[in-house]
Amino acid sequence: KLFIGNITGFNNQLIVGDNGTVSNASFAFLIAAGNSLVLSGGVLSVSGGITNTSGTISGYGLIKGNVGFATAGTLATGLGNSVGTLALSNNLTLASASTTVLKLDKNQAGSNDLLKVAGTVTQAGTLTINNVGAALVGGDTFKVLAFTSQSGSFATINLPSLTGTLVW
């Protein structure tokens, strides 16, 4: 197993950058509280899967392998205020205390974050969508989740505020 973090350590990161690839044969990744896995256009291949015990998985790129949240933790696509696509080749299992954060920005190419899962998404926890760009107007549409199959549901969904007479 590869463990990001230690008993007393916080702010540890594994960053997989542009055109970078990290691959392994059989071990699992564990992400502990206060620590993070960041994809910045790279590929992380983990045959043993990733278990987030309460850290953060963020960025854009591709994770090959199952991703699961054991308890808490955050999944955030894109980096900072930049939108991006985080693709998972297998399954994603969220936990009741996990948070998924996605962004909208009509001024950027792609206009929004996209969480793309080739397998099954087990939804749970909180989904938060933030608008980091221009005000939303009637007729705006965004695809923020794509998956082959889905189970469960988000317990809480937080959407950006709208102006005028617009409603969700």
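The values are calculated or read from the model by the stated rules, or taken from the named source; none is laboratory data. These numbers come from a predicted model, not from an experiment. Every residue, glycine as well, gets a Cβ built from its backbone with ideal geometry; the counts of neighbours run over all protein chains shown. Ligands, DNA and RNA are stripped out before the accessible areas are found, and what is left, the full protein with its side chains, is counted by its heavy atoms. Shrake-Rupley method; radii C 1.70, N 1.55, O 1.52, S 1.80 Å.
Bins of 5 Å, beginning at zero and ending with the bin holding the largest distance: percent of Cα pairs per bin for the range 75-125, please.
5, 20, 25, 23, 17, 8, 1
From the backbone phi of the range 125-138, what are the Karplus-calculated ³J(HN,Hα) couplings (6.51 cos²θ - 1.76 cosθ + 1.60, θ = phi - 60°) in whole Hz, Gly and Pro given as x?
x, 10, 10, 10, 10, 10, 9, 9, x, 4, 4, 6, 10, x
Quick one: what do you get for the range 28-73 if you divide its Cα Rg by 2.2 N^0.38 Å?
Normalised Rg, Cα atoms only: 1.04.
Would you mind computing, in nm to one decimal, how far apart the modelled labels at ALA97 and SER151 are, each placed 7 Å from Cα along Cα→Cβ?
Using points 7 Å along Cα→Cβ, the separation is 2.2 nm.
If you count only protein heavy atoms with a 1.4 Å probe, what accessible area per residue comes out for the chain, rounded to a whole Å²?
Ligands and nucleic acids excluded, the figure is 48 Å² per residue.
If one puts a single equal scatterer on every Cα of the range 118-168 and applies the Debye formula without solvent, what log₁₀ I(q)/I(0) results at q = 0.15, 0.22, 0.28, 0.29 Å⁻¹?
For the requested q values the scattering log ratios are -0.55, -0.94, -1.15, -1.18.
Give me the number: length gained by fully extending LEU79 to ASN12, i.e. 0.36 nm times residue separation minus the C-alpha to C-alpha distance, one decimal in nm.
Fully extending the segment from LEU79 to ASN12 adds 22.4 nm.
Quick one: 3J(HN,Hα) in Hz for the range 108-119, Karplus 6.51/-1.76/1.60 with θ = phi - 60°, rounded, Gly and Pro as x.
9, 4, x, 6, 6, 5, 9, 9, 10, 10, 6, x
Which whole-angstrom value gives the distance between the alpha carbon centres of the range 101-130 and the range 140-158?
Cα centres, the range 101-130 to the range 140-158: 8 Å.
Quick one: which residues, 5+ away or cross-chain, put their amide H under 5 Å from the amide H of ALA76? H built at 1.01 Å from N.
ILE57, SER58, GLY59, VAL101
May I have the convex hull volume per residue, in Å³, for the Cα set of the chain?
Expressed per residue, the convex hull around the Cα atoms of the chain is 110 Å³.
May I ask you to give the percent of accessible area on the chain that is carbon plus sulfur, with a probe radius of 1.4 Å?
Here it works out to 53 percent.
Percent antiparallel among DSSP beta bridges with both residues in the chain, to the nearest 5?
Antiparallel bridges: around 5 percent, rounded to the nearest 5.
So for the chain, if I pair up every lysine 8 or more residues apart or on another chain, how many of those pairs have alpha-carbons under 19 Å apart?
The result is 6.
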